[in-house]
Amino acid sequence: MNSEFPLSREEWYRTRDDRTKRVDNCTGFEKFKVGVVIRNEVKSEFSVQVMSLVTLNILARWCRNVTVQMPDVVVSQLPIAGNLRENLARMMRKIDPFGSFAFEEIQDNQNDVITTLGFQTDSYGEDAVSVGGSGWVGGFTIGEPQTPLKSDNENRNPIGPAFASCLGASEVFRRAVGLGKSQSLSRWYSLFDFNSANDPRKLANPAFKSKVGLGRIYQIGCGAVGSSLDILMSLTDWGAEIALIDYDRMEPSNCNRSLSFEASDCVSSGYKADACARVLNNGRIQPRAFRDTYAKFVEQGNYLMIPPDIVLCLANEQNVWATIQSNFPPLALHATTTINWGTNLGRHLPKTDWCLMCRFGQELNHEFVPICGEGQLRPESNANPSVEGVLPFLPTAASVILLSEIAKLSVSKYPVNRNFVTFTFRRSEGQFVQLQKKPKENCVCSEQSLDLYPSQIRATKYWNADLTRRHC
């Protein structure tokens, strides 16, 4: 692939890594070497296969030297045909055509850090990052033995394992950019209720409904968070009709953080919506790409002709929040990355929670873009807009947290958590913070009574009259 790739090695890494290096103190990782030991449970455990897929995908987007030690896996529980090891190797090469990715036995002192995936107890040193997850729970240990979690093969929940992959990737990245290694610890999180503990057995890990029909989804934005969400949704047995709405095209700098984008997509300027449709097209989910703005999508009569059950606001251009809110959305969810190694999740139930305009403000200039990356920087020249830095693992983490909120729609006592959730990866021992945000008095939603909502919207799958009625 290298001989056919249109960019030189130097140009590829300069453009691909640009957004990573724009984050303060996040340089110097170019020669860092990571060893990944995938435990024997990968032969049979869905959770370890998910961690393998997500961890290697994230690593390949910033680390140029990765050695993977894993057994052959003939039967994959993921929607991947053929040998899992061969597919993982192919995936990494498609992400980075110049990367040094070896699938072989790891030798002593070969790597700067070793991360292990799975729950076997054999040690790879007190500095190794041991990642584990099953069901709703994910976490990692350093210098301490792991407590095994029960198998999740029956329910096939990717949420805990995928979040564990983000935790492990962030710990490895901190070391790669010279921010130091953490002391001995054991840290686990439940994405069901956003609690944490040193022992995963103390956390909520209820049954997961693996076969669910989500209805119709409008995914507005197919960038880093949206495209990462789509590849995670493809790992579930959920069914849905998803309209993928994004006018933007991919470029090399997008390849540092999206689980779905391949190097060839980014150098050929393909549409982001098409890349998302490709990964979602698994037979259970019916994707439809719309390569234009959400305003144009509404103008063409799509909104009430095929009303959405869920609106995912994963874009920040063209004043999209105002367009969404002005069209009386049903349940709306948003997820972003933050300026301090973090992620945000927002839920917007009509007349119960804050609306999208309460959250993002009533800025009418469509050129306004909030700081949703890793810090606003000055433009390189007067002709170029300012560009944010984005860390490779943050959009995946945001998408996992969003995926957990979508999964909870099938819980009888929804909503489970408060409507604003934030998490930071700046330190090893991060913590979820939840807040309950009420509608603002002077916001546009204060004038949008339930009587004004079209009957098609009030008939959608997740419209909850009991939740909304008491706030009218």
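The values are calculated or read from the model by the stated rules, or taken from the named source; none is laboratory data. Computed from a predicted structure; not experimentally measured. Cβ sites come from the backbone with ideal geometry, for glycine too, and all protein chains shown count toward neighbours.
Working carefully through the options Ser186, Ser196, Ser170, Ser210, find the one that is touching a residue at least 24 places away in the same chain (Cβ under 8 Å), polar (S, T, N, Q) and within 27 Å of Lys31 (Cβ to Cβ). Write out each step before concluding.
Numbers: Ser186 fails: within 27 Å of Lys31 (Cβ to Cβ); Ser196 fails: within 27 Å of Lys31 (Cβ to Cβ); Ser210 fails: within 27 Å of Lys31 (Cβ to Cβ).
None of the others qualify; the one that does is Ser170.
Which residues, counting only those in the stretch 279-294, are over 16 Å from Ile306 (Cβ atoms) and buried (at least 18 other Cβ atoms within 10 Å of the Cβ)?
Val279, Leu280, Thr293
Step by step: first the residues of the stretch 324-343, then only those that are farther than 12 Å from Asp309 by Cα, surrounded by 24 or more Cβ atoms within 10 Å (Cβ to Cβ) and in contact with an Asp or Glu (Cβ under 9 Å, 6 or more places away or on another chain), then the one that is modelled with the lowest pLDDT. Which residue is that?
Thr337
Please work out if Val66 is under 30 Å from Pro6 (Cβ atoms), among the hydrophobic types (A, V, I, L, M, F, W, C), in contact (Cβ under 8 Å) with a residue 12 or more places away in the chain and not in a loop (DSSP other than H, G, I, E, B).
yes
State all residues of the stretch 172-204 that are crowded, with 24+ Cβ neighbours inside 10 Å and either part of a loop (DSSP other than H, G, I, E, B) or not hydrophobic (A, V, I, L, M, F, W, C) (or both); if no residue qualifies, say none. Spell out the reasoning first.
Initial filter on the stretch 172-204 (crowded, with 24+ Cβ neighbours inside 10 Å): 172-173, 188-191, 200.
Within the stretch 172-204, Tyr189, Ser190, Leu191, Pro200 meet the criteria.
If you scan the stretch 142-170, which residues turn out to be over 13 Å from the mean Cα position of the chain (by Cα), among the polar types (S, T, N, Q) and buried (at least 24 other Cβ atoms within 10 Å of the Cβ)?
Asn157, Ser170
Could you grab me the full set of residues in the stretch 108-129 that are free of Cβ contacts under 8 Å to residues at least 40 places away in the same chain and within 12 Å of Lys33 (Cα to Cα)?
Asn109
Between a residue in the stretch 90-101 that is buried (at least 20 other Cβ atoms within 10 Å of the Cβ) and any residue that is of a type in the set (Val, Ile, Thr), which pairs come within a Cβ distance under 6 Å, given they are 6 or more apart or on different chains?
The qualifying pairs are Phe101/Val66.
So, in the stretch 81-101, how many residues would count as being part of a loop (DSSP other than H, G, I, E, B) and within 20 Å of Ala263 (Cα to Cα)? Let's see the steps before the verdict.
Narrowing the stretch 81-101 to residues part of a loop (DSSP other than H, G, I, E, B): 81-83, 96-99.
Those still in the list that are within 20 Å of Ala263 (Cα to Cα) too: 96-99.
Number of matching residues: 4.
For Pro252, work out the one condition from (1) surrounded by fewer than 24 Cβ atoms within 10 Å (Cβ to Cβ); (2) closer than 27 Å to Tyr303 by Cβ it doesn't fulfil.
(2)
Any idea how many residues of the stretch 296-322 are surrounded by fewer than 18 Cβ atoms within 10 Å (Cβ to Cβ) and at negative phi?
Looking only at that region, the number is 8.
Quick one: count up the residues across the stretch 412-433 that are touching a residue at least 40 places away in the same chain (Cβ under 8 Å) and either assigned by TED's automatic domain parsing to the domain that holds Gly143 or of a type in the set (A, V, I, L, M) (or both).
The total comes to 2.
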